[in-house]
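Derivation of every value follows stated rules applied to the coordinates shown; laboratory data play no part. Since we're looking at a predicted model, the values are computed, not measured. Here the Cβ positions follow ideal geometry from the backbone for every residue, glycine too, while neighbour counts run over all protein chains shown.
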Amino acid sequence: MTHPSHSGGEGILCCDVGHERFAFRSSDVRHVERAEYMRPDRGADGQLGTLRLGGQLVPVFGLAEVLGRACDDPSHRRSGHIAVTGDRNALTGWLADRIERTAEPAREDIAALPPLIGAQATSWFEGVVRLGEGESALLLAPDRLVSAAPAVEPTPTESPFTHQRSAAGPERVAVVFSTAVLPRSATSRFALSGRQVAAIVQPSAPVAVPGSYDYVGGITWWHRAIVPVIDFRAPSERTAYARQLIAQCGSRRYGALVAFSIDSDVRMCRPAADHRVLQEVPCPAFASGVFEVEGEAVALLDLDALPSMPSES
């Protein structure tokens, strides 16, 4: 495609890095240039080279390196394209494999990333833009991008929710299910208050988010909301499920939704006198208690506690 020398105005500028798609607002991009015009000049801060633009030397960074994506083939540095952002006194170039302009999206097709994703990710990205049916791109925030900075790892004190345990007993209606995506525990069956369950859907492939916490397997759209998909398994063990549960996490007024995969065996359960607390079964740190339900040990989930749990390496 032919690239204009100046790319300001309305619309979205998609920047492909390998098989992943990121985007800038066209109004944030002052210039697009072929990578062959970059002068290689490797810097300690991750700079790949410089681009002369209107008598000014513009530092160029690789989007793949900045976002912590694999970049083993150096040939793309000559065949790719560079998007230049910033004001005239502080310009920065971002090298991508391919750059393509798309039309201005509707307002409802852009959504912010929820805090549960992680501080690094919400700093790098303004949000997510829906480009078409089944296609989305992470919308870059050029003024907050930094060169090759490592993602900030979560600690128990970084949980975006206040950890408040639910009442020690089943609520009026609960959804009972099995899943392997939660932290390992002595129980394989779990329950969640029916009031917290937003939907049970067929999962779509999540969009990976650079800089997110380890337990975030990506994000997915649900209606007009962006929902983090959580998975505490090691990345190599994250096999697909046939169903996905979308639930309310934390206070409803914050609108915090999470999604995670579950097995197909799902049933509704109402409290009964024989749903006794199993004191002899270790209660997971992310549960409010373990109960005997129809002869099974079922842990009542406390979703607010999940962000403080470690992921498997």
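Excluding Trp124 itself, what net charge comes from residues whose Cβ is under 14 Å from its Cβ, given Lys and Arg +1 and Asp and Glu -1?
-3
As I understand it, the dipole of the range 218-312 uses +1 on the Cβ of Lys and Arg and -1 on the Cβ of Asp and Glu, about the Cα centre. Which of Pro282, Ala225, Leu306 lies farthest toward its positive end?
Ala225
Dipole size in debye (nearest 20) for the range 12-144 around its Cα centre, Lys and Arg Cβ +1, Asp and Glu Cβ -1?
Roughly 420 debye for the range 12-144.
Report the charge-dipole magnitude of the range 158-308 in Debye, nearest 20, computed about the Cα centre from +1 at each Lys and Arg Cβ and -1 at each Asp and Glu Cβ.
500 debye
Got a sec to turn the phi values of the range 100-114 into Karplus ³J(HN,Hα) couplings, 6.51 cos²θ - 1.76 cosθ + 1.60 with θ = phi - 60°, whole Hz, x for Gly and Pro?
Here the 3J(HN,Hα) series is 9, 8, 10, 6, 5, x, 5, 4, 6, 8, 10, 9, 6, 7, x Hz.
Quick check on the exposure proxy: order Tyr213, Tyr37, Tyr241 from fewest to most C-beta atoms within 10 angstrom.
Tyr37, Tyr241, Tyr213
Taking amide H atoms as placed 1.01 Å from N in the peptide plane, list the residues 5 or more away in sequence, or in a different chain, whose amide H sits under 5 Å from that of Leu257.
Residues meeting the criterion, in which the H sits 1.01 Å from N, are Cys249.
Take peptides 93-100, 16-23 and line them up by average Cβ neighbours within 10 Å, highest first, as a rough protection proxy.
93-100, 16-23
Could you pull the Rg and Dmax for the range 261-300, using just the Cα atoms, both in Å?
Values for the range 261-300 (Cα only, Rg and Dmax): 10.9, 30 Å.
Give a residue-ordered list of calculated ³J(HN,Hα) values for the range 208-220 (Karplus: 6.51 cos²θ - 1.76 cosθ + 1.60, θ = phi - 60°; whole Hz; x for Gly, Pro).
With the stated coefficients, the range 208-220 comes to 5, 10, x, x, 7, 5, 4, 7, 8, x, x, 10, 9 Hz.
Which number comes out as Rg/Rh for the range 12-144 once both Rg and the Kirkwood Rh are worked out on C-alpha atoms?
Rounded to two decimals, Rg over Rh is 0.96.
Mind listing the long-range amide H neighbours of Gly194? Cut-off is under 5 Å, sequence gap 5 or more, other chains count too, H placed in the peptide plane at 1.01 Å from N.
Those lying under 5 Å, H to H, from Gly194 are Val173, Ala174, Val175.
In a solvent-free Debye calculation with one equal scatterer on each Cα, what is log10 I(q)/I(0) for the range 158-308 at q = 0.11, 0.19, 0.20 Å⁻¹, listed in the order of the q values?
For the requested q values the scattering log ratios are -0.40, -1.24, -1.38.
Counting Lys +1, Arg +1, Asp -1, Glu -1, what net charge surrounds Arg233 among other residues with beta carbon under 12 Å of its beta carbon?
-2
Quick check: net charge around Val207, other residues with Cβ under 11 Å of its Cβ, Lys/Arg +1 and Asp/Glu -1?
0
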